[in-house]
Amino acid sequence: MSRVALSLVAASLGAQSFQPVLDSIKADQAWTLEQQISICEIPAPPFKETKRGEEWARRIRALGFTDIRTDSEGNVISRYPGSKTTKPLIVFSAHLDTVFPEGMDVKVRKEGTQHHGLGIGDDCRGLAVVLTIAKAFQKHKVALEANVLFVATVGEEGQGDLRGVRHLFTKELKGQIDAFISIDGTGNRLTARGVGSNRYLVTYKGTGGHSYGAFGMPNPAHAMGRAMARIADIQVPKSPKTTFNIGRVEGGTSVNSIPISTSMEIDLRSESAKELAALDERIRAALQAALDAEKKRWPQSKAPLELDIKTMGLRPAAEPPDSLPIVQKALAAAKQAGVPIFATGAGLTDANIPMSLGIPAVTLAGGGNAQGAHSSDEWYEDTPDSYKAVQWAALLLKSLSEK
């Protein structure tokens with residue numbers, strides 16, 4: 001940690017004048033958990049976050065915010081005015097959506113100290129943290145130079161492909177945002193780099209036929225098997241960490257039918273945009289080679305075999321340096337809050353979009369303990385010092401809001 005960064009934070013925070021805000025956050029730890037649980041009991045499946053967004057808007061309005069709107073993508077945007085008319089502008093956010101489909105039971109149940117619920121940590125914790133800080137800032141009339149937008153975004157999770165934050169930066173507030181903080185997940189983590197992800201639905205298509213009577217034609221399942229074997233043999237670098245996964249496969253109609261089509265979903269990730277692009281090229285080559293090999297296997301057949309690749313999601317990788325002021329201020333604020341952050345990490349969050357555009361951005365975890373994110377047995381438990389992560393986020397927001 002540089003002495004310059006620490007002195008910058010100490011000067012901008014005005015530690016004594018900001019202490020009542022920090023005290024309020026600590027005193028509101030139980031209130032934060034109540035918000036987290038009750039928000040989590042409002043369904044927010046992919047592309048259907050409206051009900052939760054409306055309730056989040058109602059709650060922030062109840063805190064005294066008056067400039068609240070929902071944009072065309074579904075993001076709920078609440079303005080906390082600074083002394084400057086328009087600039088700088090900071091977005092402070094968490095995401096509304098979960099990975100769970102419509103119809104699942106969203107009731108949170110308590111087992112000992114653990115609260116079990118769908119998305120209870122990811123990202124009901126983040127939404128509650130943003131509300132708690134909004135409450136503290138409003139209560140103590142914190143004076144800022146920057147205008148701050150407290151935002152609940154849509155579409156952060158898989159199928160959403162970061163659609164909410166993408167809309168903010170490329171349409172709704174294009175060219176206006178100067179810094180971005182998101183609160184995502186639990187524990188104590190500082191995400192300062194973006195893991196990129198390319199996701200594809202790959203389909204091999206033929207005409208199908210009887211397994212005995214039509215034997216001798218190219219088989220979509222066999223072609224996909226060849227592709228899977230080729231992909232499994234691809235070597236990727238350990239650093240920067242680069243990965244691939246075939247997560248879903250489907251196709252066919254019966255055991256004695258040559259499939260008309262088979263498909264698989266592929267996820268590619270890397271901390272490096274260069275490595276992600278290189279892996280993408282190798283995956284595509286493997287898919288085409290498998291098609292060619294299956295056709296070559298049956299040279300007498302006139303039956304067609306085709307390859308179709310549909311993009312499911314493209315999330316940009318980003319590698320901004322830790323020397324950026326926003327990162328240094330985040331580390332300094334963690335030290336002041338007593339949060340044990342000693343290194344930065346990489347992740348796939350809403351911050352990927354601004355990072356890829358060269359806009360200062362970080363993602364902070366919201367404190368507490370949790371396990372099972374994205375599973376049906378996800379749980380969260382408060383710890384005696386869960387509030388410290390909330391104080392950390394407030395300190396960073398205050399720091400960024402001053403010259």
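Numerical summary
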quantity: Strands (runs of 3 or more DSSP E) fully within the range 280-385 counting 1 or more residues that are on the phi < 0 side of the Ramachandran plot and acidic (Asp, Glu); calculated: 306-315, 379-381
quantity: Residue match in the range 180-196 (condition: at pLDDT 95 or above and assigned to a helix (DSSP H, G or I)); calculated: no
quantity: Qualifying residue in the range 306-327 (condition: among the polar types (S, T, N, Q), under 20 Å from residue 365 (Cβ atoms) and not assigned by TED's automatic domain parsing to the domain that holds residue 228); calculated: no
quantity: Selection count, the range 310-319, where residues are under 17 Å from residue 204 (Cβ atoms) and surrounded by 14 or more Cβ atoms within 10 Å (Cβ to Cβ); calculated: 1
quantity: Residues of the range 197-222 satisfying the condition of being surrounded by 22 or more Cβ atoms within 10 Å (Cβ to Cβ), among the small types (Gly, Ala, Ser) and in a strand (DSSP E or B); calculated: 197
quantity: Output for the range 223-258, where each listed residue is of a type in the set (Ser, Thr, Tyr) and surrounded by 12 or more Cβ atoms within 10 Å (Cβ to Cβ); calculated: 242, 243, 257
quantity: The listed residue being under 25 Å from residue 178 (Cα atoms), at pLDDT 95 or above, surrounded by 13 or more Cβ atoms within 10 Å (Cβ to Cβ) and within 27 Å of the chain's Cα centre (by Cα), out of 52, 69, 59, 79; calculated: 79
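The values are calculated or read from the model by the stated rules, or taken from the named source; none is laboratory data. Just so we're clear, the structure is a prediction, and the values are computed from it rather than from any experiment. Neighbour counts are summed over all protein chains in view; Cβ atoms, including those assigned to glycine, are modelled from backbone coordinates with ideal geometry.
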